[in-house]
Structures are given as structure tokens and as C-alpha cells.
1. Stretch residue 48-residue 84 to full length: gain in nm at 0.36 nm per residue minus the Cα-Cα span?
2. So how tilted is helix 175-192 from the main axis of the chain? Cα-based, degrees 0 to 90, rounded to 10.
3. Only residues of the range 14-54 count here: report those whose backbone N is under 15 Å from the spot 7 Å along Cα→Cβ of residue 128, or say none.
4. Can you tell me the orientation of helix 27-43 relative to the chain, as the angle in degrees between its alpha-carbon axis and the longest Cα principal axis, to the nearest 10?
5. So what is the 222 nm mean residue ellipticity for the chain from helices alone, if each DSSP H run of at least 4 adds -39500 (n - 2.57) and you divide by all residues, rounding to the nearest 500 deg cm²/dmol?
6. Calculate how steeply helix 110-126 sits against the longest principal axis of the alpha-carbon atoms of the chain, using the helix alpha-carbon long axis, and give the answer as 0 to 90 degrees to the nearest 10.
């Protein structure tokens, strides 16, 4: 229903923008932004922010790993799939393996899961209204996946839930370990001086 409504109201410049946003919100690009931030914050010795960014990387990677694993075996045809009608095909369709077939890897949305894990970590770290506003970026990435006709609404919705789950899990479970690691590193640097 959502996919049909979007397909019936396509605007060329908006489609171009959605494609651009989809590209910028993919996991490798998110990791590149995080790496640049880590380098800058590491030199500035901002351990708290380094902890947040490391947790963002961990959460996004875990969410992306899970969603990609599920997508490989679910075999849900993408809305833009011209090879098969909408449906769930598992690993096999018409005598061919669907592993590695992009057109059959719709559920759940990896872009959305990694974006919500990445930006959701900021919300769980600071628990302030301004911190949760970063989810607007994650929502825009999820919207872009709908607009470019790569996912169904349920794919994006499940990706959002998976991403937020890993954002909270990572901040609460891995965050203290990351903090201890950074403290240990700082202590070793002081001892060397």
C-alpha cells in the first residue's frame, strides 16, 4: 500500500535526492564519517565522544550484520523486482539459488537498520531531546529506501526496530567496556610520559 502510494506520486528531483540520500546512508559511508570523527576527536582527546562514536560503529555493524544475514535467507522479492511477483522465496526460486541475488534481498532494510543503530546510539548515550533529533537523519534514510522502490514499508519498519535494539544494547552492554578500554589507553599514555 505504501509502496504503491509512493510509486504513484514520483517526482524526478525527489527521486534523485532519495537515491543520493540512500547512497550517503549506506554502512560504508557511515563508517567513513565515523572514522573521520574518530581521528579528529582522538587528536582532541575527547574520550567521551570517542566512546559514543565507537559504540555507534559497533551498533551499526551488528545491526547490519544481522539484517544482511536475514535478508540472504528470507528471499523476499523487492518491490522493483521484475523477475518475480512480490513474495517470499527463501533460498531457491525457479531452479536457481537466490543467495547473492539483490532483487530477492528486501527484508529487512539494511540501510535503515544501520542508520537507526548508528544515530540511535547518540540518543541512548545522551537521552536528551537534541540527541534523539539525530533519528531524523535515520528516518530520512529509511524514507529514501521506500522512495527509490527498494523496500516495502515493513522492511523499513523492521530495520528501524533492529537498529534501535542494537543501539540500546550496544550503549548499555558494550559502552562500559569501551570506556574501560579508553581509560586503560589513557593511563598507559600517561605512564609513558
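FYI, it's all coordinate maths here, none of it is from the lab. These numbers were taken from a predicted model, which means no experiment stands behind them. Note: ideal-geometry Cβ built from the backbone for every residue, glycine included; neighbour counts use all protein chains shown.
1. Using 0.36 nm per residue and subtracting the Cα-Cα distance, I get 8.1 nm.
2. 40
3. Within reach of a label on residue 128: 48-49, 52.
4. The angle comes out near 10 degrees.
5. -22500 deg cm²/dmol
6. 30
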